1. Looking only at 68, 36, 53, which one moves most when the chain is put into a Gaussian network model with springs between Cα atoms under 10 Å?
2. What size of dipole, in debye to the nearest 20, comes out for the chain about its Cα centre when the only charges are +1 on Lys and Arg C-beta atoms and -1 on Asp and Glu C-beta atoms?
3. In degrees between 0 and 90, to the nearest 10, how far off the longest principal axis of the chain does helix 48-64 point, with axes built from Cα atoms?
4. Using alpha carbon centroids, what distance separates segment 36-78 and segment 1-20, in Å?
5. Got a sec? Charge dipole of the chain, +1 on Cβ for Lys and Arg, -1 for Asp and Glu; which of 67, 25, 11 is way out at the positive end?
6. Return the single residue from 51, 11, 23 with maximal mean-square fluctuation; model: Gaussian network over the chain, springs between Cα atoms under 10 Å.
7. When only alpha-carbon atoms are used, what values of Rg and Dmax, in angstrom, describe segment 2-71?
8. Among 15, 65, 35, which one moves the most in a GNM of the chain with springs linking Cα atoms closer than 10 Å?
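Values in this text are rule-based calculations from the coordinates and carry no lab data. Everything quoted here is computed from the prediction, not taken from an experiment. Ideal geometry is used to build each Cβ from the backbone, glycine not excepted, and the neighbour counts take in all protein chains shown.
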Amino acid sequence: MTNANILRRALDNANADRRVRVLGPAPATISRLKNEFRIQIILKAQSRRALRETLDIALADAESNGCEMRRVYVEIDPVNLM
């Protein structure tokens, strides 16, 4: 869960103007898959541009703060959250 917490802090820092709503981190619906625990963070925004800008800044910040980016999966417009 350390990666999720680092990423959440980076998202909060990148989202100072609060254009994006950040939900989580929380256990995924299927929280354990192939013996790995899954955590999800959901982002909501009115503007795709605001969402993308916040996400790009946050991912770069999280990586510089020690987040293992090999374990982070970003899915834009997921079909479902399973």
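1. 36
2. Dipole about the Cα centre, nearest 20: 240 debye.
3. 60
4. That distance is 8 Å.
5. 25
6. So, out of 51, 11, 23, the one fluctuating most is 23.
7. So, for segment 2-71, Rg and Dmax equal 12.4, 38 Å respectively.
8. 35
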